[in-house]
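Reading through the structure tokens given below for one structure.
The values are calculated or read from the model by the stated rules, or taken from the named source; none is laboratory data. Predicted model, so just to flag it, every value in this text is computed and none were measured. Cβ placement follows ideal geometry from the backbone for every residue including glycine, while neighbour counts extend to all protein chains displayed. Protein only, heavy atoms only, side chains kept; ligands, DNA and RNA dropped before computing areas. Shrake-Rupley method; radii C 1.70, N 1.55, O 1.52, S 1.80 Å.
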Amino acid sequence: MSDESHSREWYARLAQQQDGYRHPWQRTMDAPDPELTFDALLMTYLHPDVQVLEAGCGHGPDAVRFGRDCARWVAYDFQPLLLNQARQHAPHAEFHLWDGKGDVPPGLRGPFDLIVSRRGPTSVIRHLPSVAAPGATFLYVGPRLEVPQVPERLQQVGWEIVGESRVCVQAYTPSWEDWQLRCQFMGEHAEREEWESKVTGRGMPYKEERYIVIASPMKPTDRI
């Protein structure tokens with residue numbers, strides 16, 4: 001991955017070129033998108049009284065889809081252009097500019113009953129004790145657990161994983177250019193020799209994986 005990947009400038013370029021934060025490569029899959037499993041889980045936590053904080057909202061697709069099913073949907077991102085798009089797409093939600101570092105801005109302090117991170121920054125985990133309501137839930141979905149260190153970070157703030165699942169779907173990128181974009185996005189190195197040796201009529205096969213985590217604060221007896 002180049003030094004500028006996943007920087008503010010990189011996200012701004014995605015927003016300009018694709019009208020939002022979307023995977024920049026083309027792909028086909030042998031089964032439904034594994035994130036649909038997370039969608040179904042998220043909906044079970046939404047009701048008219050729940051207050052939600054979304055970390056790394058991008059251009060606001062989750063606020064559009066789910067923000068009217070709860071009492072309050074509040075979200076943040078560190079890319080101003082994406083936030084402008086989110087405000088246009090979901091005027092019923094609240095959006096704030098924040099990079100997840102330093103003190104939590106007043107508008108993000110909650111308390112929130114549900115904290116959501118879809119491929120978003122796991123830095124929100126360190127702030128869970130200050131933004132979460134008693135008995136709150138944290139939902140995470142992402143391509144990996146070991147890289148963002150989700151279990152370790154939860155343990156550090158006194159939260160525990162109460163539910164975990166992995167969804168894996170066979171996928172294909174149709175072109176070398178798409179494969180390069182996918183590898184860059186994932187922090188991997190695209191090898192032309194590997195492409196030529198493994199590519200099929202449908203493109204380069206790979207596994208589209210998603211890890212889903214449900215977490216909650218540890219009970220006092222669990223911390224002993």
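Computed values, structure above
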{"read-out": "Odd one out for L154 among (1) open to solvent by 50 Å² or more (accessible area, probe 1.4 Å); (2) under 23 Å from M218 (Cβ atoms)", "value": "(1)"}
{"read-out": "Filter result (at pLDDT below 95 and either under 17 Å from G107 (Cβ atoms) or among the hydroxyl-bearing types (S, T, Y) (or both)) within region 29-52", "value": "T37"}
{"read-out": "Filter result for F66 (open to solvent by less than 50 Å² (accessible area, probe 1.4 Å), out of contact with any Pro (no Cβ under 9 Å at 6 or more places or on another chain), touching a residue at least 24 places away in the same chain (Cβ under 8 Å) and farther than 25 Å from P34 by Cβ)", "value": "no"}
{"read-out": "Strands (runs of 3 or more DSSP E) wholly inside region 60-178 containing at least 1 residues that are under 19 Å from V50 (Cα atoms) and at pLDDT 95 or above", "value": "72-77, 94-97, 112-118, 132-142"}
{"read-out": "Failed criterion for A55 (all others in (1) within 23 Å of R166 (Cβ to Cβ); (2) out of contact with any Ser or Thr (no Cβ under 6 Å at 6 or more places or on another chain); (3) at pLDDT 95 or above hold)", "value": "(2)"}
{"read-out": "Matching residues, region 159-181, being exposed (fewer than 14 other Cβ atoms within 10 Å of the Cβ) and more than 16 Å from E208 (Cβ to Cβ)", "value": "V162, G163, E177"}
{"read-out": "Selection within region 42-59 - assigned to a helix (DSSP H, G or I) and either loosely packed, with under 15 Cβ neighbours inside 10 Å or among the β-branched types (V, I, T) (or both)", "value": "M43, T44"}
{"read-out": "Residues within region 128-145 that are among the polar types (S, T, N, Q) and over 13 Å from V213 (Cβ atoms), tallied", "value": "1"}
{"read-out": "So G203, is it at pLDDT below 95 and open to solvent by less than 80 Å² (accessible area, probe 1.4 Å)", "value": "no"}
{"read-out": "Some residue of region 169-176 being under 18 Å from W25 (Cα atoms) and touching a Leu at 6+ places or on another chain (Cβ under 9 Å)", "value": "yes"}
{"read-out": "Candidate set from region 99-128 (those that are within 23 Å of M186 (Cα to Cα) and in contact with a Phe, Trp or Tyr (Cβ under 6 Å, 6 or more places away or on another chain)); member that is least open to solvent (accessible area, probe 1.4 Å)", "value": "S117"}
{"read-out": "Number of the condition not met by Y76 [criteria: (1) without any contact (Cβ under 8 Å) to a residue 60 or more places away in the chain; (2) under 23 Å from K219 (Cβ atoms)]", "value": "(2)"}
